[in-house]
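The values are calculated or read from the model by the stated rules, or taken from the named source; none is laboratory data. Note that the structure is predicted; figures quoted are calculated from it, not measured. Please note: Cβ atoms are built from the backbone with ideal geometry, for glycine as well, and neighbour counts cover all protein chains shown.
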Amino acid sequence: MSTLHSEMSPVVNLTRRHAVGVERTSHPVYVDLLPPCNHACPAGENIQAWLAQAQAGHWHAAWETLVADNPFPAIHGRVCYHPCEGSCNRGELDSAISIHAVERFLGDQAQAEGWTVAKAAPSGKRVLVIGAGPSGLAAAWHLARLGHEVEIRDAGPVAGGMMQFGIPAYRLPREVLAKEIAKVEQLGVKIVLDHKVEDILAEQQAGHFDAIYIAIGAQVGRHIDIPARDAARVLDAVSLLHTTASGEKPLLGRRVIVYGGSGTAMDAARTAKRLGADDAMIVYYRDSARMAAQPFEVKEALAEGIKIKWLSSIKDISGETVTVEKMVLDDKGRPQPTGEYETLQADSVVLALGQTTDIGFLRKIPGIEFQQDGTVIVGDDMQTGRAGIFAGGDVVPAQRSVTNAVGLGKKAARHIDAWLAGTVWTHPSTHRLVSFKELNLPLYADVIKAREPELPAPERADFSEIVGGLDEAAARHEAQRCLSCGNCYECDHCYAACPEAAIVKLGPDHGYDVNLDLCTGCQACFEQCPCHAIDMTPEAAAATGSAPIPSEKELTA
C-alpha cells in the first residue's frame, strides 16, 4: 500500500487564511449526507454504516445493520448486480469498493456462527404471503420481526422461487439458499409448499388473515412465433433452468443455440455446457452495448467457451438447421433486417426472451386492476384496489432482479404493518447526495482492491460454485477502502485544522461540536474534512432557527 498525492482533488493551502472580517458570515455545521452507494441500492441498505462497522472488525454489528434492510446477505453477495458499486465514489480514485464481496462475507459468517435477530412482541395480526420467492420471503422476514404471525404459501416443491429454479447453483449454491430461508422460518414464519392459491378471498377467510401480500414471481417463459418444421428440440430458458435445478438433466445434444441477450440467456448457455453440450452459442439481435446481461456475465460466459453471435435474428428452424437474418442498428439503436441470411446447425434451441407472471387467479378479485402489460396496479402504499391486499415482486411494474424484489418486500412489510395499525407509513426524507467532487482528498491511500478468488475448472460438468469468498483479513481490508462519503468517521482533521480551538471533541462515536464563541468562520475545518461531513452555513440561516439535520442512521432506523 502506498500513499500518493492525488491530482484529482484540490490541495488545501494551510498558509492561506480566509478574510473573515469583523463579523462572521458563516460557520461550520456537521451534517450526514447521502452516500451514492446507499442511494443506488434497490434494497435500501445503509451500506456506508455497515461498512464502517466491518472495517472496525465489528462483524456481528455490521450484519445486524445490514439485515435490518436486507435479510439475505449470503445470497445478495453472490447474485446481486451491485449497482451500488457502479455509483461508488471510490471508483473515481482507483476502483470501487467490492461491496458485494464484504456483504457475502457477512452473510457467510452469520450462517457459520448461527447469528439470529430479535423480534417484537406478538401483535395478534395474521398476514398471508403468496409466493416464497425473494420478495415474499423478505416481506415475511420484516413482518415477523415486527411481531406479526406470517404464513407463506407457494405452489413449488421448494421455497426460493427463481432463486431456487432460475439461478444456477454455480452462482448460488443451494445449501446457502436453504440456510438463508431457514432464518426466515426461525422467526416463526410458516412456509406451506406445493400449495397453489386459486381463490385468495376464500383462503383469507378460512385462515383468518388480516392482510395479504401477493409476491408471485415471473416463472413463465415468453414465446415468439418462429416457423419450425420437424424442428430440433425447442424449449424456453426458464423451463431449462427449472428442470435442471430440480435434479433432471435435459438432453440438449452437442450443439445448442440460446436466443436472447439477458442474464438468463447467459445462464442457459452456461448450463447447456455443464449438461454436456460441446458447442453453446448465444444468438442476439442487438450488439453487446445494448444487451440486458451485465458485462461480467458476458465475460464469464466467454471464459467458459460460450460463443455469441451479435446482430442476428432467428427466422426459421427446420430440422437441425437454424436460419438467422443479419441485422443492422438504425440511428436510434434499433435492429433492422438486412435481407442477408445464414444457416447454423443446432440440436436444441433455447428461447431466453423474458418471463411473465401467471396472474389469472387475481382477475377474480373485485377491485384489483391491471396495467396493459398484465401487471397489477398498486398505490404508493403497494395496496391494490382491494383493501388489505398488497402486491409486489414481479406482479407489479418494476425492474426484475432479486435485490429489487427484496426491496419491494421490505417496503410492503412497512406499509402492511402501518395499515394493520390503522396508520400510514411514509418514507423519511433523505439528505442530498454527496458527489466525488465534494470530497476533500489532498492525500488518499491508493489501495489494491481485494479480489474474490475464482474457483477452478470452468470446463467441469458439475454445478459447483465458481467464485470464492473473501477471508476475514481481505474483507476488513476491502471495507477499509470506503471513503465514508458524507458521513463523519472522526478522523480529527477538523479538530487539528481549527486555528481558534473552536472544534470540540465529544468523545468516541459522538463526533464534534462547534464553539461559536470562538469560531471565526475561516472554513479551515470545512476544507480539511475528507468526506464532506461539514457544511458552511450562512449566519442568516442560523438566525432563522433551521432544524438540525437528522443522521443517516436515524433515517434508516
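Considering every residue within segment 364-374, establish whether at least one is aromatic (Phe, Trp, Tyr), at pLDDT below 85 and not in a loop (DSSP other than H, G, I, E, B).
Taking segment 364-374 first, the residues aromatic (Phe, Trp, Tyr) are 370.
If we keep only those that are at pLDDT below 85 as well, we get none.
No - not one qualifying residue is present in segment 364-374.
Consider Val256 carefully, then state whether it is assigned to a helix (DSSP H, G or I) and touching a residue at least 24 places away in the same chain (Cβ under 8 Å). If you could, list the steps in order and put the result at the bottom.
Working: assigned to a helix (DSSP H, G or I): no; touching a residue at least 24 places away in the same chain (Cβ under 8 Å): yes.
No; evaluated as a whole, the condition is false for this residue.
Specify the residue that is nearest to Gln164 (Cα to Cα); the eligible residues are those in segment 381-427 that are charged (D, E, K, R) and assigned to a helix (DSSP H, G or I).
To start, the set of residues in segment 381-427 that are charged (D, E, K, R) comprises 381, 386, 394, 400, 410-411, 414, 417.
This time we only want the ones that are assigned to a helix (DSSP H, G or I), so: 394, 410-411, 414, 417.
Details: Asp394: 16, Lys410: 20, Lys411: 23, Arg414: 26, Asp417: 28 Å.
Checked segment 381-427; the qualifying residue nearest to Gln164 (Cα to Cα) is Asp394.
Pairs linking a residue in segment 357-378 that is farther than 22 Å from Met162 by Cβ and without any contact (Cβ under 8 Å) to a residue 24 or more places away in the chain to a residue that is among the basic types (Lys, Arg) and part of a loop (DSSP other than H, G, I, E, B), with Cβ atoms under 6 Å and 6 or more positions apart or on different chains, are Gly367/Arg386; Ile368/Arg386. Among the candidates His76, His100, His148, His82, single out the residue that is closer than 22 Å to Glu452 by Cβ, of a type outside the set (Val, Ile, Thr) and touching a Ser or Thr at 6+ places or on another chain (Cβ under 7 Å). The match here is His76.
Taking Ala289, is it assigned by TED's automatic domain parsing to the domain that holds Gly261, within 15 Å of Leu351 (Cα to Cα) and not in a loop (DSSP other than H, G, I, E, B)?
Numbers: assigned by TED's automatic domain parsing to the domain that holds Gly261: yes; within 15 Å of Leu351 (Cα to Cα): no; not in a loop (DSSP other than H, G, I, E, B): yes.
Judged against the criteria, Ala289 is not a match.
Gly124 satisfies every condition listed in (1) modelled with pLDDT under 95; (2) of a type outside the set (Val, Ile, Thr); (3) surrounded by fewer than 19 Cβ atoms within 10 Å (Cβ to Cβ) except (1). When the test is whether a residue is within 30 Å of Gln523 (Cα to Cα) and assigned to a loop (DSSP other than H, G, I, E, B), His431 passes it. Among the helices (runs of 4 or more DSSP H) confined to segment 85-184, the ones with at least 1 residues that are free of Cβ contacts under 8 Å to residues at least 60 places away in the same chain are located at 99-113, 134-145. Residues of segment 66-98 that are among the polar types (S, T, N, Q) and at pLDDT below 95: Ser95 alone.
Yes/no per residue for (1) assigned by TED's automatic domain parsing to the domain that holds Gly385; (2) modelled with pLDDT of 90 or more; (3) of a type in the set (A, V, I, L, M):
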| residue | (1), (2), (3) |
| --- | --- |
| Gly207 | no, yes, no |
| Asp210 | no, yes, no |
| Ile214 | no, yes, yes |
| Ile226 | no, no, yes |
| Arg229 | no, no, no |
| Ala232 | no, no, yes |
| Ala237 | no, yes, yes |
| Leu241 | no, yes, yes |
| Ser246 | no, no, no |
